[in-house]
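Just so you know, all these numbers are worked out from the coordinates, no wet-lab data involved. All values derive from a computational prediction rather than experimental measurement. Neighbour counts are summed over all protein chains in view; Cβ atoms, including those assigned to glycine, are modelled from backbone coordinates with ideal geometry.
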């Protein structure tokens with residue numbers, strides 16, 4: 001306090017917050033964002049991000065352990081911080097944060113990581129000896145049961161812990177936004193949207209950190225980067241980035257439209273002292289450039305996917321089969337004659353759930369299309385009685401339909417009954433040709 005000597009009123013001395021206060025919300029944001037990314041695979045079954053699940057949990061735990069250090073170092077007497085646990089003040093948000101911190105650390109992160117690594121801990125316990133065996137035994141809590149039923153219980157409990165951890169992560173970092181938004185002396189912070197902005201900023205920073213660490217560890221280990229995983233994580237990062245930037249712009253537009261007594265001072269600060277840090281660094285370099293880069297990557301992928309050659313698409317789809325649930329597939333080799341014997345038709349039945357009734361289809365390989373190995377699937381016409389042959393039908397003028405007669409169908413009056421036939425090309429993925 002030597003700096004305030006000589007002042008008649010010590011309150012006239014302005015004590016600036018140091019960089020330690022700024023590091024604290026940033027670190028807690030990394031914790032919350034990394035945990036939200038881990039919950040995508042555990043709770044929402046996003047299998048594409050599974051390679052980053054354990055990394056996200058360990059990242060959240062590592063930063064959670066060091067999150068209070070900036071505050072401790074900023075205090076004049078850090079040993080007095082334990083007083084908030086001994087004599088809690090229920091009306092103080094800062095005092096209640098200590099209990100939120102312990103809950104999130106001990107009841108969420110530690111429990112979920114222990115359930116995830118329990119099998120590895122038990123295996124290491126059984127294979128080690130000496131002090132290491134004792135340490136692994138303590139970590140395993142004396143339980144060596146790693147049966148499939150026990151692992152299923154671990155998975156269910158871990159999923160429940162993750163579900164509880166999602167609102168806990170929101171509370172962990174949302175409370176920081178609540179603290180900053182409650183400072184009435186600073187009009188730039190005093191807004192009800194501050195907790196929501198803090199949450200989405202935490203998601204953006206946490207996902208970006210895990211993605212960067214995942215790609216870095218793959219490069220250091222000499223492993224190939226799982227690009228579907230990286231693209232999926234980057235896509236969620238883009239979504240969170242857009243929402244976060246939209247919230248900040250909505251808050252800015254509201255301030256401009258409201259134009260209260262503090263707006264002139266904020267406008268002056270933005271155009272002078274905060275122009276470089278807020279406009280150039282935060283909005284342009286820190287927000288618009290990453291959003292443009294992520295959006296251009298996904299738009300380029302969509303453009304390239306739309307310009308795939310038809311030959312590659314036909315090759316990819318020719319190997320697939322049209323599986324109509326609860327449908328009888330009839331594979332027929334149709335000659336050039338006007339009739340087909342029932343002995344040349346082989347049938348097979350597949351049963352899968354489908355909300356429609358059974359459909360008789362004929363899978364025809366035409367001699368004209370044999371060179372290109374294209375298969376066409378044709379719906380059977382109205383008749384279904386066996387042993388009868390339909391008379392000539394007025395089908396479209398094509399090599400496929402001219403040589404086609406419908407096996408085992410009853411004669412139909414095509415001019416009066418106006419039945420509909422559908423021809424679908426599986427190889428070329430063309431829409432159905434409808435014939436009346």
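Distance from the alpha carbon centroid of region 162-210 to that of region 32-72 works out to 16 angstrom. Ranked by how many other Cβ atoms sit within 10 Å of their own Cβ, fewest first, the residues 248, 120, 112, 258 fall in the order 258, 120, 248, 112. Fewest neighbouring Cβ atoms within 10 Å first, the residues 229, 218 line up as 218, 229. In region 15-272, Cα pairs under 8 Å separated by at least six residues give a relative contact order of 26 percent.
Taking a ≥ b ≥ c as the square roots of the Cα gyration tensor eigenvalues, with a/c under 1.5 meaning rounded and otherwise prolate when a/b beats b/c, else oblate, which class fits region 29-100? Here region 29-100 falls in the prolate category. With neighbours defined as other Cβ atoms within 10 Å of a residue's Cβ, the residues 64, 106 order from fewest to most as 106, 64.
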